[in-house]
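Student: Quick one: the structure is below, questions incoming.
The values are calculated or read from the model by the stated rules, or taken from the named source; none is laboratory data. Since the structure is predicted, the reported quantities are computational estimates derived from the model, not experimental observations. Just so you know, the surface numbers come from the protein's heavy atoms only, side chains and all, with ligands and any DNA or RNA stripped out. Shrake-Rupley method; radii C 1.70, N 1.55, O 1.52, S 1.80 Å.
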Amino acid sequence: MFQALLEATHITHSFDYRLFTDIDFSLATHESAAIIGRSGSGKSTLLHIFSTFLKPDNGRVMLFNHELYSLGDDEIEALRRYDVGVIFQFHYLFKGMSAMENIEVASMLSGETIDDAILEKLEIKELMQKKVGELSGGQQQRVSIARVLSKKPRIIFADEPTGNLDKETADLVMDVLLDYIKETGAGLLLVTHDANMATRCDKTYRLEDKILKEVQ
């Protein structure tokens, strides 16, 4: 039985201008969803609101049945450490450390053990002893994804995770992410410009004219 991981209602946010208005969105266990839209439409901002990093001007975000922005700082930090995985377009790895040491940081913080199967699926197991600076951009991105998955998150927020990857590597990354949510019951929310990646998700939404609409 699928259960709601994320339920957002009436989400509105502005910076110097109104980005979006009265947005409703939900994500269930085992479910993947993609948000597409033009640059500047607010896709990443919406992802930040859903993923604990930005309180909306109006609306409510329920994450794992908790009203997210009513929680204290310690409770939100615990969600980030144990339950929420965030994948960025830029990997933010520790440059002076090896690939394995980068992954170990996340596993130590979350109390989880590193799953060799994830390293094999991402085709990076043989790179673990190399320093980050010795890796290509695509290899570094896959290490950063392994770092997130090693936490065993219950929900993954991915902001253009394949934006700097060639098509073959992008397909590999999507395979791994989609397999992970099927096997673990987690959810995946993907923000992307890549329509091909978006169509691989269960649902696709377009953020346009301040409104989020389902298109698939």
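Student: Taking the Cα atoms of region 89-207 alone, what are Rg (to one decimal) and Dmax (as a whole number) in Å?
Tutor: For region 89-207, the Cα-based Rg and Dmax read 13.8, 41 Å.
Student: Next up: Name the shape class, rounded, prolate or oblate, that the alpha-carbon gyration tensor gives for region 131-176, where a ≥ b ≥ c are the square roots of its eigenvalues, rounded holds for a/c under 1.5, and otherwise prolate holds if a/b is larger than b/c and oblate otherwise.
Tutor: Judged from the Cα gyration tensor, region 131-176 comes out oblate (a/c at least 1.5, b/c at or above a/b).
Student: Let me ask something else. Give the dimensionless ratio obtained when the Cα radius of gyration of the chain is divided by 2.2 N^0.38 Å.
Tutor: Ratio of Cα Rg to 2.2 N^0.38 Å: 0.99.
Student: Roughly to the nearest percent, how much of the accessible area of the chain is carbon and sulfur, given a 1.4 Å probe?
Tutor: C and S atoms contribute 47 percent here.
Student: At 1.4 Å probe radius, can you tell me the per residue accessible area of the chain in Å²?
Tutor: Value returned for the chain: 49 Å² of accessible area per residue.
Student: What is the antiparallel percent of DSSP beta bridges lying wholly in the chain, to the nearest 5?
Tutor: Of the beta bridges lying entirely in the chain, close to 55 percent run antiparallel.
Student: Taking every Cα atom in region 138-216, find the radius of gyration and the maximum pairwise distance Dmax, and write them in Å.
Tutor: Looking at region 138-216, its Cα Rg and Dmax stand at 12.8, 37 Å.
Student: For region 1-113, how big is Rg over Rh, using alpha carbon atoms and the Kirkwood form of Rh?
Tutor: 1.00
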